[in-house]
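This report concerns only the one structure given below.
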Amino acid sequence: MKQDWIGIGSLALLTVVWGSSFALITVALDGFPPIGVAVFRVLFSALALALLARALGHPLPRDPKIWAWCAAVGLISLLVPFFLIAWGQQSVPSALASIYISASPLFVLLLSRLVLGEQVSARRWAGFAVGFFGIVLLTGPGALTQLGSGNALPQLALLAAAACYAGSSVLIRRMPEVPPIPASAAAQIAAAVFALPLLPMALPEAVPAAGPLLAIAVLGVVQTGLAHVLRYATVRRSGPVFMSTVGYLIPLWATLLGVGLLDETLSGAQLAGFALIVGGLVLARKRRARAAAPA
């Protein structure tokens, strides 16, 4: 059986795009409150995908049932986790926050078994668990000292965000067949409609500088809008479990960026974490059935 090179290429591109989001968010927070970053990301992405769908001649869905599916995807994959992360990270260290978000692939395995009825082998569970432990080492085990330290609700919010990302992948897999661009545009538009009442709280106190404005625009158009189209297509093509491995690849990319561009050095624990993540992903690969010998 041939490798899913399209799916692998999509994962690689999403890893680069989403792994570069953290720097853009840092810049955007210089001019916008956390809730503003979430709201304006959704608004920019909705506008961008609506214009893209129109320019390419892809009509938006007409069936109310399709819009209901898209609205659920927009809420669970965009608006709700953006708010949960923005709120949680105000009182939870970023290292610990990243560990919580990296639990998303484990939620995907559970939901794929319970909701989609997919068989999840012990080998795959073990591989994902090894990869998650690698994330902990890569991030720094010291982050776990903050676990439950008076910030229970914010930490639960971050864990809920990880569950939202997993749940949205399952929703995308279950929803009726809709082309990626119209489906993604509808999801973004629905999320933007729900975000509009929060706009007064999202506005900055002063006019932001050019840097934060550009960062929020790129976050909305590229990291949120265009990336959602690619994510939707990948989930529909290769499944939510395959898509979820991007959650383990992003920390690897972020680490490589730090080493290559910022001259950061890797500790022994981080090198071990790097190896565990790669090893876990290899372990989690499905065993391919051997072709039956001719009679």
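Read-outs throughout are calculated quantities, based only on the coordinates presented, and are distinct from any laboratory measurement. What you see is a predicted model; the values in this text were computed from it and never measured. We place every Cβ from the backbone using ideal geometry, glycine too, and count neighbours over all the protein chains shown.
Using θ = phi - 60° and the Karplus form 6.51 cos²θ - 1.76 cosθ + 1.60, what ³J(HN,Hα) does each residue of the range 210-222 get, whole Hz, x for Gly and Pro?
After applying 6.51 cos²θ - 1.76 cosθ + 1.60, I find 4, x, x, 5, 5, 4, 5, 5, 5, 4, x, 6, 8 Hz.
Are there any trypsin sites (Lys or Arg not before Pro) in the range 1-92 that are in a DSSP loop and have at most 13 other Cβ atoms within 10 Å? List them by number. The partial results should precede the final answer.
Details: sites: 2, 41, 54, 62, 65; in loops: 2, 62.
Sites meeting the loop and neighbour criteria: 2, 62.
Mind jotting down the three principal axis lengths of the range 163-271 based on Cα atoms? Whole angstrom, largest first.
Dimensions of the range 163-271 along the principal axes of its Cα atoms: 46, 44, 22 Å.
Between (1) 23; (2) 33; (3) 29, which matches percent of Cα pairs over 31 Å apart calculated for the structure shown?
Evaluating percent of Cα pairs over 31 Å apart on these atoms matches (3).
For the chain, what is the mean residue ellipticity at 222 nm derived from helices alone (per DSSP H run of n ≥ 4: -39500 (n - 2.57); sum divided by total residues; nearest 500 deg cm²/dmol)?
Details: 16 runs with 205 residues, N = 295.
Mean residue ellipticity, 222 nm, calculated: -22000 deg cm²/dmol.
With θ set to phi - 60° and the Karplus curve 6.51 cos²θ - 1.76 cosθ + 1.60, what are the ³J(HN,Hα) couplings of the range 174-182 in order, to the nearest whole Hz, using x for Gly and Pro?
After applying 6.51 cos²θ - 1.76 cosθ + 1.60, I find 7, 5, x, 5, 9, x, x, 5, x Hz.
Dividing the convex hull volume of the Cα atoms of the range 202-254 by its residue count, what figure in Å³ per residue is obtained? Working shown, then result.
Values: hull volume 5.9 nm³, N = 53.
Spelled out: Cα convex hull of the range 202-254, divided by residues, is 111 Å³.
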